[in-house]
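Input: a single structure, listed below in structure tokens.
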Amino acid sequence: MLSECYVFGWECFDTFKLINFKVTNTTTMNEFLRYRFLIDSGVDVLFKHEINGLRHTYNFSDDYFRFLLVSSHTALMRTVASVSFFTFTTTDHVLSIQEMNEDSIFSSYIFIIGRWDEHTLIGELLIGEHKGAIVLLDENQYCDIDSVEELLEDIDLDIEYILQDDIQTLTALLSDEVGVIRLLDYSFIEFFENRLVGLTELRC
């Protein structure tokens, strides 16, 4: 039996005509892979220029790039349980994916892709040994913090030395001492398969 993942409103635009995949209930992993195949085959999509621009700026993974291409037109795409993904539409209550990352103090190290729950963001590591891994960020731990330097001030490390190198900075941010970021999965596709495709028992 195919597992289910609650993903709403995916659209794909063919070069010659509009192919509108309005998924109002559920979609399977096989369907996601089929949409990804269409993208790999060269069909055009909404926000393609913006997505390419984001990828050029942040250099996130191929799998997340494809995911954005097939799911980029809703403001906050709902999935299993409370998980959702930021896209390119801004509403009164939801920032666009561009705004989320422009405003993030972690933008040099982590690309924010969605929300795990009310107080936890989902991000993809942009650098380091685990580049492409999916992490969770506890917003309550840094909501009043204006910079990475300020966040690291309270730990017993040579902050000036650490901030000279992005890899060292990210290593410090991932440490238990800071307590803000937790590694969840080692790739976006692993995250998608393990956490979103009907396997809610793995969510925590």
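The values are calculated or read from the model by the stated rules, or taken from the named source; none is laboratory data. What you are looking at is a predicted structure, and each value in this text was computed from that prediction instead of being measured. For neighbour counting, all protein chains shown are included, and Cβ atoms are generated from backbone atoms with ideal geometry for every residue, glycine included.
Within the stretch 23-31, can one find any residue that is surrounded by 16 or more Cβ atoms within 10 Å (Cβ to Cβ), modelled with pLDDT of 55 or more and closer than 28 Å to Gln141 by Cβ? Checking the stretch 23-31: not a single residue is surrounded by 16 or more Cβ atoms within 10 Å (Cβ to Cβ), modelled with pLDDT of 55 or more and closer than 28 Å to Gln141 by Cβ. Among the residues of this structure, Phe65 does not count as one that is part of a loop (DSSP other than H, G, I, E, B), modelled with pLDDT of 70 or more and of a type outside the set (Lys, Arg).
Residue-wise test of (1) over 14 Å from Ser175 (Cβ atoms); (2) surrounded by 17 or more Cβ atoms within 10 Å (Cβ to Cβ).
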site: Gly114; (1), (2): yes, yes
site: Glu118; (1), (2): yes, no
site: Ile122; (1), (2): yes, yes
site: Ile127; (1), (2): yes, no
site: Ile134; (1), (2): yes, yes
site: Asp138; (1), (2): no, no
site: Asp144; (1), (2): yes, no
site: Glu149; (1), (2): yes, no
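Considering Tyr161, Tyr186, the condition of being of a type in the set (Phe, Trp, Tyr), over 15 Å from Ser107 (Cα atoms), surrounded by 13 or more Cβ atoms within 10 Å (Cβ to Cβ) and free of Cβ contacts under 8 Å to residues at least 60 places away in the same chain is satisfied by Tyr186 alone. Criterion applied to Val148, Val197, Val180 was being among the aliphatic types (A, V, I, L, M), in contact with a Ser or Thr (Cβ under 6 Å, 6 or more places away or on another chain) and either under 21 Å from Tyr64 (Cβ atoms) or modelled with pLDDT of 90 or more (or both), and the one residue passing it is Val197.
Tell me which residues, restricted to the stretch 151-176, are at pLDDT 90 or above, in a loop (DSSP other than H, G, I, E, B) and among the charged types (D, E, K, R). Asp165, Asp176 - these are the residues of the stretch 151-176 that are at pLDDT 90 or above, in a loop (DSSP other than H, G, I, E, B) and among the charged types (D, E, K, R). Is it fair to say Glu193 is part of a helix (DSSP H, G or I) and closer than 24 Å to Val83 by Cα? It is true that Glu193 is part of a helix (DSSP H, G or I) and closer than 24 Å to Val83 by Cα. Note on the stretch 90-104: residues that are modelled with pLDDT under 90 and either under 21 Å from Ser147 (Cα atoms) or not hydrophobic (A, V, I, L, M, F, W, C) (or both) total 6. Counting only residues that are touching a residue at least 24 places away in the same chain (Cβ under 8 Å), of a type outside the set (Gly, Ala, Ser) and either crowded, with 19+ Cβ neighbours inside 10 Å or closer than 19 Å to Val180 by Cα (or both), the stretch 88-112 holds 8 of them.
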